[in-house]
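S.K.: One structure, as structure tokens, below. Some questions next.
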Amino acid sequence: MRVLTTIDEMQAACREVRRAGRRLGLVPTMGALHAGHLSLVRAARATCDVAAVSIFVNPLQFGPKEDFSRYPRDLEKDLALLNQERVDLGFAPSEEEMYDSGRSSYVTVEGLSERLCGRSRPGHFRGVTTVVAKLFHIVEPDVAFFGQKDAAQAAIIRKMVRDLNFDIQIVVAPIVREQDGLAMSSRNVYLTPEQRKQAVVLYRALMRVQTLADRGERRAAELIRAGEEVIREQPSAKLEYFEVVNSETLEPVADITSGALVAVAAQFGTTRLIDNVLLTGSGQAQGPEMKG
Ligand code: PAF
């Protein structure tokens, strides 16, 4: 794998790939790679001629009281993993390289960016769309890969790509889960062993909703009531939201007949976790993908 740290080098390497007529896939990450990221990398390797992975902990998407300074970072380990996966190009720029101190331009997807996590994390999605737009300009990939765990992020990036005519296909890969159902997340390392056990309540609540939907329940209010009831069984979970929304607009829906995204966010101690399940038009949820 070639590891590049400057924008000029990365642009030149990607230009070469395009000139050779090869299909280029990009997996944007903030490092602290886990099986969820590796599933994206494998999808890129399987469908593209050249796989590029960016590793950049993006300060713009963290609020002043959030975990930017303690976000897990282990570049050496991440690069070793990407080497094992036979990634072609690694892009690991510094903060100074990505953000000129005089910058004043941002990319914002209005409306969607204030929904779900955007409500409690003002500016978060603006930070995500700004860095992703920059990465898209630097790499100019044919395809970019994102995880379904950040369902709102995926919807917002799809909207940005449509609105700004990026000629890039967006692939959203299923959530990868631990054996007990907890969604893989770089932030799971923050959990104490006790919180780690408690956090499975998110998956249990979503599975309760899936079961009810599979049995024919169509009323979003009823699904939310049932999901919240499961979360309340774990009093240490501080629920932020449990919502049933349209997976593209992120607006609440009253009825799931045309499909819906069921999304939850809760805090365990100081760690904020999110999870979701996509219900198809028939009410059936997409099956989970487990690790190992
Ligand atoms: O999903 C993430 O890890 C980040 O939000 C992303 C897309 C790499 C942008 O920093």
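S.K.: Which of R162, R73, R126 moves most in a GNM of the chain, Cα contacts under 10 Å?
M.R.: R162
S.K.: Another question, if that's okay. Taking the alpha-carbon distance from K149 and a cut-off under 15 Å, which aspartates and glutamates remain once sequence neighbours fewer than 8 residues away in the same chain are dropped?
M.R.: Candidates past the 8-residue exclusion: E178, E243, E248, D275, E289.
S.K.: I've got another one for you. What's the angle, to the nearest 10 degrees (0 to 90), between helix 151-163's Cα axis and the longest principal axis of the chain?
M.R.: 50
S.K.: Now a separate question. Relative to the longest principal axis of the C-alpha atoms of the chain, give the angle of the C-alpha long axis of helix 220-232, reported between 0 and 90° and rounded to the nearest 10°.
M.R.: 90
S.K.: Could you work out the relative contact order of region 54-188? I mean the mean sequence separation of Cα pairs under 8 Å and 6+ apart, divided by the number of residues, in percent.
M.R.: Rounded, it is 25 percent for region 54-188.
S.K.: Can I ask one more? Gaussian network model of the chain, Cα springs within a sub-10 Å range: biggest mean-square fluctuation belongs to which of G25, G269, G36?
M.R.: It is G269.
S.K.: Still on this structure: May I ask you to derive the relative contact order of region 181-258, considering only C-alpha pairs under 8 Å and at least 6 residues apart, and to give it as an integer percent?
M.R.: 28
S.K.: Can you tell me the relative contact order of the chain? Whole percent, Cα pairs under 8 Å, sequence separation 6 or more.
M.R.: 17
S.K.: Measure off 7 Å from each Cα along the Cα-to-Cβ vector at R15 and R225, then give the distance between these two points in nanometres to one decimal.
M.R.: Rounded to a tenth, the inter-label distance reads 6.2 nm.
S.K.: Next question, about the same structure. Once label points are set 7 Å from the Cα along Cα→Cβ at both Q179 and T47, what is their separation, rounded to one decimal in nm?
M.R.: The two pseudo-label positions are separated by 3.1 nm.
S.K.: In the structure displayed, which of K77/K134; K134/K238; K77/K238 lie more than 30 Å apart, Cα to Cα?
M.R.: From K77/K134; K134/K238; K77/K238, over 30 Å: K134/K238; K77/K238.
S.K.: Same structure again: Under the classification rounded if a/c is under 1.5, otherwise prolate if a/b is larger than b/c and oblate if not, where does the chain fall, given a ≥ b ≥ c as square roots of the Cα gyration tensor eigenvalues?
M.R.: It is prolate, given that a/c is not under 1.5 and a/b is the larger ratio.
S.K.: Less than 9 Å Cβ to Cβ from A220, Lys/Arg counted +1 and Asp/Glu -1: what total charge do the surrounding residues give?
M.R.: With Lys, Arg at +1 and Asp, Glu at -1, the net is -1.
S.K.: For a quick check, take a GNM of the chain with Cα springs below 10 Å and name the residue from S185, S54, S120 with the largest mean-square fluctuation.
M.R.: S120
S.K.: Right, another one. Would you calculate a helix-derived [θ] at 222 nm for the chain, using -39,500 (n - 2.57) for each DSSP H run of n ≥ 4 and dividing by the full residue count, to the nearest 500?
M.R.: Calculated at 222 nm, the ellipticity per residue is -11000 deg cm²/dmol.
S.K.: Between R103 and R187, how many nm apart are label points set 7 Å from Cα along the C-beta direction?
M.R.: Here the answer is 2.2 nm between the modelled labels.
Here, each number is a calculation from the coordinates, and none is a lab measurement. The structure displayed is predicted, hence computed values, not measured ones. As a convention, Cβ positions derive from the backbone with ideal geometry for all residues, glycine included, and neighbour counts pool all protein chains shown.
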